[in-house]
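Written out below as structure tokens is the structure these notes cover.
Just so it is clear, none of the values below were taken in a lab; they were calculated from the coordinates. As the structure is a computational prediction, the values presented were derived from the model and not from experiment. Note: ideal-geometry Cβ built from the backbone for every residue, glycine included; neighbour counts use all protein chains shown.
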Amino acid sequence: MMWLIGLQNVFAHQLPRMPREYITRLLFDPKHKTLALIKDKIPIGGICFRPFPTQGFTEIVFCAVSANEQVKGYGTHLMNHLKEYHIKQNILHFLTFADEFAIGYFKKQGFSKDMKLPRNVHQGFIKDYDGATLMHCQLNPRIVYTEFTSVVRKAKEIIKYTVEEQQYQAEKIHPGLTCFREGVRSIPVESIPGIRETGWKPAARATRVSKLTEECSDPDTLTKYLKIVLNSIKNHSASWPFQKPVDKDEVPDYYDHIKYPMDLKTMAERLKSGYYAARRLFIADMTRIFTNCRIYNSPDTEYYACANQLEKYFQTKMKELGLWHK
Ligand code: ACO
């Protein structure tokens, strides 16, 4: 509570256009969470955010660092921890209305004005601010953001070393090929001495996967593939518990335990409405079905077994269509 009160002051000072009462209301609203950066027992910066797990994104509501601590890397440090936290929660999109003067900071944190989330995913959910710019950031779950800076530094060193190595190797002169004189008509490229040292690699096969990753540019193809997956899931023998929303009359306490319900019928409706513009949204909803089931039911139940069985089948199906890569 003391930290939140401290942050209330940081936000009020750093975001003078925001009414203090408004900051207080959101900061202490249970639907909002706040990440605080504490230095010498005093909160010097923070990010107040609101997750929308069903929509697969989080809204960054307030972000600020005390005036005397700015441009020392604390803003980046906070954002990296926020990203780590969200990857663990399987929320991979951030949205924020950035102040004019903060656009540069958000750009450096991987945000862009180029919205990759369809409007119907966020409209009506996030708060709209006059004069601010809506920005989007997609998280990559393979990146450990808290180690990002040191990893990039290390990667730079490795690349520099590799280039130097290759330059040295490329200077080597190999004896010419004589096999053609002896009647050989062709040889595999990789057998040419020295070719690999120059950095040559066999051309990667053009796979279906590479086409499908262009999800946003070709939503129709993605929808077609997701429809195939969804239909085969619906027809699977273990899918019967997940066909439609859980009936409150049949299971009265279900919605006390499960805050973000999901089922195959709802997914079919979402697919039809064009909601799944990115396969991650589809994966997030499907995974939620299984997670909810395992939260509500004990491991010895048939429901639990169905969730495990269907999840395996789902992943296999997605892999078959090249939709499962991270
Ligand atoms: N404009 C452009 N670039 C910036 C800004 C800015 N306002 N602030 C920081 N940067 C750059 C830094 O130069 C640094 O660049 P580098 O990687 O080249 O070194 C990079 O962004 C990261 O800087 P940090 O030191 O990590 O950021 P800092 O600790 O200063 O925190 C923050 C940034 C939160 C924007 C802070 O400056 C602040 O509190 N500003 C006032 C409040 C504000 O504008 N908040 C955002 C409002 S929008 C919203 O809350 C949704």
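Taking the mean number of other Cβ atoms within 10 Å as a proxy for protection, how do you rank 190-200, 91-101 from highest to lowest?
Values: 190-200: 12.1, 91-101: 19.2.
The densest-packed peptide leads the list: 91-101, 190-200.
If you take the C-alpha gyration tensor of segment 228-326, multiply each eigenvalue by 5 and take the square root, what semi-axes do you get, largest first, in whole Å? Please report the intermediate quantities before stating the final value.
Numbers: eigenvalues 99, 50, 28 Å².
Listed largest to smallest, the semi-axes of segment 228-326 are 22, 16, 12 Å.
At a Förster distance of 45 Å, what's the computed FRET efficiency of residue 120 paired with residue 191, Cβ-Cβ distance as r, to 0.05? Walk me through the numbers on the way to the answer.
On the way: r = 55 Å, r/R0 = 1.21.
My answer for the efficiency is 0.25.
Hey, could you grab the Kirkwood Rh for the chain? Inverse mean 1/r over distinct alpha carbon pairs, Å, one decimal.
So the Kirkwood estimate lands at 23.7 Å.
Expressed as a whole percent, how much of the Cα-Cα distance distribution for segment 8-47 exceeds 12 Å? Let's see the in-between values first.
Details: 460 of 780 pairs.
That fraction is 59 percent.
How high is the relative contact order of the chain? Use alpha-carbon pairs under 8 Å, at least six apart in sequence, and give a whole percent. Could you put the intermediate results ahead of the total?
Numbers: 357 pairs, mean separation 39.0, N = 326.
Result for the chain is 12 percent.
Can you tell me, using C-alpha contacts under 8 Å and at least 6 residues apart, the relative contact order of segment 6-105 as a whole percent? Before the final figure, lay out the partial values.
Details: 130 pairs, mean separation 23.5, N = 100.
Once normalised by length, the contact order is 24 percent.
Between residue 74 and residue 177, what is the FRET efficiency for a Förster distance of 56 Å, r being their Cβ-Cβ separation, to the nearest 0.05?
Numbers: r = 59 Å, r/R0 = 1.06.
Computed FRET efficiency for residue 74 and residue 177: 0.40.
How far apart, in nm, are the 7 Å Cα→Cβ label points at residue 251 and residue 42?
5.1
Scattering from the C-alpha atoms of segment 101-195 alone, worked out with Debye: what is log10 I(q)/I(0) at q = 0.14, 0.16, 0.20, 0.25 1/Å?
Evaluating at q = 0.14, 0.16, 0.20, 0.25 Å⁻¹ gives log10 I(q)/I(0) of -0.78, -0.88, -1.10, -1.29.
Checking understanding here: applying a Kyte-Doolittle mean of at least -1.0 and a length along the axis of at least 20 Å (C-alpha), which whole DSSP H helices in the chain pass?
What comes out of the filter, once short or polar helices are dropped, is 74-88, 148-170, 219-234, 279-296.
Checking the cross-link filter: which lysines have an alpha carbon closer than 22 Å to that of residue 160, excluding same-chain neighbours under 8 positions apart?
Those lysines meeting the cut-off are 172, 201.
Do any of 272/312; 88/116; 108/154; 116/244; 116/272; 234/272 go past 27 Å between their Cα atoms, and which?
116/244
Take the eigenvalues of the Cα gyration tensor for segment 1-113, scale each by 5, and report the square roots as semi-axes in whole Å, largest first. Mind dumping the intermediate values first?
Numbers: eigenvalues 80, 55, 41 Å².
Calculated on Cα positions only, the semi-axes equal 20, 17, 14 Å.
Give a quick list of GluC sites (Glu not before Pro) in segment 235-326 that DSSP marks as loop, anything other than H, G, I, E or B, with at most 16 other Cβ atoms within 10 Å.
Numbers: sites: 250, 269, 302, 311, 320; in loops: 250.
Answer by residue number: 250.
In nm, what is the difference between 0.36 nm times the number of residues separating residue 166 and residue 305 and their Cα-Cα distance?
Numbers: separation 139, 0.36 × 139 = 50.04 nm, distance 5.31 nm.
Extending this stretch completely gives an extra 44.7 nm.
Rounded to whole Å, give me the distance from the Cα center of segment 94-128 to that of segment 281-326.
Taking the Cα centre of each part, segment 94-128 and segment 281-326 sit 30 Å apart.
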